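Reviewing the structure listed below.
The values are calculated or read from the model by the stated rules, or taken from the named source; none is laboratory data. Everything numeric here is computed off the predicted structure, so don't read it as measured data. All Cβ positions, even for glycine, are placed from backbone atoms using ideal geometry, and neighbour counts span all protein chains on display.
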Amino acid sequence: MPKQAAALKKHEELPHYNLESFWMPFSANRQFKASPRLFVEAKDMHYTTIEGRKILDAFAGMWCCNIGHGNLKVVAAIQRQIAEMDYAPPFQMGHPKAFELAKRLAKLMPGSLDRIFFTNSGSESVDTALKIALAYHNVRGQGMRTRLVGRSRSYHGVGFGGISVGGIVNNRRFFGSLLSGVDHLPHTHSLEKNAFSKGQPAWGAHLADELENIVALHGAETIAAVIVEPVAGSTGVLIPPKGYLERLRELCTKHGILLIFDEVITAFGRVGNAATAAEFFGVQPDMIVMAKGLTSGTIPMGAVAVDRKIHDAFMTGPEHAIEFFHGYTYSGHPVAAAAGLATLEVYREEGLFERTKDLAPYWENALHSLKGLPHIIDIRNLGLMGAIELESIPGKPTLRAFNAFLEAYDKGLVIRQTGDTIALSPALIVSKDQIDQIFDILSGIIKNLS
Ligand SMILES: Cc1ncc(COP(=O)(O)O)c(C=O)c1O
């Protein structure tokens, strides 16, 4: 049966659209349920909708399917593993693949970030890293260091730790008082200074110095960690100004504060020529938070890469005693570990981190060729990440970009809307033709947006 017909058949077989029970995450539920967008198949760079339409995925699922959809090597590894052993407990027991994955991940991490703690998502990885930071200071006799520093316009998932250090008002305002003892650095986005910068903007390194004011207010001896996304993804691809991350590292080192990079989006080749943004920028954090690209979105899995010195500080006390009271039923799950191992193989065999680097200039030119179209007030890019910021419709923030997202879906393209910004992050297997196609469709849409 041809694919399209098969997809249509699936459509007919579905219990005809009872969409009510699923309360969808981060979604306009009523709009969706009135006009659903359902995918039933995915292969390489495309989804197939329930109606049988092929849609080009310019967002790698949700910043996660970095090797493209339906990679046969990963599919086979998952199938083999689930048949061989579905589950093994991770507390006081284990299975070889989790150790193998940790070893291989450790090799991809910069410097001595070679101790790996497994989780199931980015949110759990963030909260794990924050807890490691607090407990690390505690176990070495600096229990006063309890304050955490995030940054405005940052997204660190949806756990209570993550939303406390996060900097998105709607993710925080409905949920009570959150963690106490949290400060926020200013974000680094400036339309006035940096609009239409290609790659890293020139202005803004000094914004890291705001950490000095936080230190002056509370005392360095009370601050445990600073957490930032090296490139802030979810609030519209905010690229760090030249020198900013370096300055933040210097200040954290000066004050004995741990620096955590949240690389849930940037890890695994998204910025190019390296697994991590830390390596790409040449800035060494004390922990790296990961998820998404670790299994290319196939099976939920997250991880925190921890500096050996932090890990070793916990390895004291009697040998039979638990050293760190934290973990998840599914930490290092065998099927996720198999998916992770196969995904790392694909990155290596297909040279995908280098591919990002090679494609980045083409991507940059294609993206910036949209400059001058109506409503566009900024374009930003790094590696295979991109953002097109649109002027808001007066009194109706987010509507213009939401309309662009709906139009794109109708025209066969998956993009992401965040605020009034269109965010793009195709799988690292994207071809130049597909890049052209993405921007052809987008420019047509933007020209006609009201
Ligand atoms: C930087 C960052 N941190 C954390 C998360 C949360 O990840 P998850 O949705 O897997 O919990 C995300 C998700 O997009 C993210 O972009």
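Of everything in the range 383-394 that is over 14 Å from the mean Cα position of the chain (by Cα) and aliphatic (A, V, I, L, M), the residue that is farthest from I239 (Cα to Cα) is I393. Listed here are the helices (runs of 4 or more DSSP H) enclosed by the range 146-210 that have at least 1 residues being touching a helix residue (DSSP H, G or I) at 6+ places or on another chain (Cβ under 7 Å) and of a type in the set (V, I, T): 160-165.
The condition of being out of contact with any Lys or Arg (no Cβ under 9 Å at 6 or more places or on another chain), farther than 19 Å from V289 by Cβ, free of Cβ contacts under 8 Å to residues at least 12 places away in the same chain and surrounded by fewer than 23 Cβ atoms within 10 Å (Cβ to Cβ) holds for only one of G141, G94, that being G141. When you go through V139, V158 one by one, which is the residue that is farther than 26 Å from V346 by Cβ, modelled with pLDDT of 95 or more, hydrophobic (A, V, I, L, M, F, W, C) and away from the ligand (no atom under 16 Å from the Cβ)? That would be V139, the only listed residue that is farther than 26 Å from V346 by Cβ, modelled with pLDDT of 95 or more, hydrophobic (A, V, I, L, M, F, W, C) and away from the ligand (no atom under 16 Å from the Cβ).
Given the conditions (1) over 20 Å from the mean Cα position of the chain (by Cα); (2) not in a loop (DSSP other than H, G, I, E, B), and given that F118 satisfies all but one, which numbered condition is not satisfied? Unmet for F118, out of (1) over 20 Å from the mean Cα position of the chain (by Cα); (2) not in a loop (DSSP other than H, G, I, E, B): (1).
Within the range 382-401, the only residue that satisfies the criterion of being in a helix (DSSP H, G or I) and either among the polar types (S, T, N, Q) or surrounded by fewer than 18 Cβ atoms within 10 Å (Cβ to Cβ) (or both) is L399. Of the residues examined, P25 is not one that is away from the ligand (no atom under 16 Å from the Cβ), surrounded by fewer than 15 Cβ atoms within 10 Å (Cβ to Cβ) and in a loop (DSSP other than H, G, I, E, B).
Checked against (1) polar (S, T, N, Q); (2) part of a loop (DSSP other than H, G, I, E, B); (3) buried (at least 20 other Cβ atoms within 10 Å of the Cβ), T356 passes all but condition (2). When the residues of the range 276-299 are filtered to those that are under 30 Å from E41 (Cβ atoms) and either under 13 Å from the mean Cα position of the chain (by Cα) or among the charged types (D, E, K, R) (or both), the one that is nearest to the ligand (Cβ to nearest atom) is A291.
For the range 258-275, residues that are in contact with an Asp or Glu (Cβ under 9 Å, 6 or more places away or on another chain) and away from the ligand (no atom under 16 Å from the Cβ) total 3.
Would you confirm whether any residue within the range 238-261 is of a type in the set (F, W, Y), within 17 Å of the chain's Cα centre (by Cα) and assigned by TED's automatic domain parsing to the domain that holds L179? Looking through the range 238-261, at least one residue is of a type in the set (F, W, Y), within 17 Å of the chain's Cα centre (by Cα) and assigned by TED's automatic domain parsing to the domain that holds L179.
Yes or no, residue by residue, for (1) among the acidic types (D, E); (2) farther than 30 Å from E391 by Cα; (3) without any contact (Cβ under 8 Å) to a residue 12 or more places away in the chain; (4) buried (at least 20 other Cβ atoms within 10 Å of the Cβ):
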residue	(1), (2), (3), (4)
E212	yes, yes, no, no
G219	no, yes, yes, no
A224	no, yes, no, yes
V237	no, no, no, yes
K242	no, no, no, no
C252	no, yes, no, yes
I257	no, yes, no, yes
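Among the residues of the range 166-191, write down those that are within 19 Å of F26 (Cα to Cα) and of a type outside the set (G, A, S). The answer is I168, V169, N170, N171, R172, R173, F174, F175.
Within the range 49-73, residues that are in a loop (DSSP other than H, G, I, E, B) sit with their Cβ atoms under 6 Å from residues that are away from the ligand (no atom under 16 Å from the Cβ) and basic (K, R), at 6+ positions apart or across chains, in these pairs: G70/K43. Only one entry in V231, V304, V289 is buried (at least 20 other Cβ atoms within 10 Å of the Cβ) and within 22 Å of I422 (Cα to Cα), namely V231.
For the range 405-426, the criterion of being of a type in the set (S, T, N, Q) and assigned to a helix (DSSP H, G or I) is met by none of the residues.
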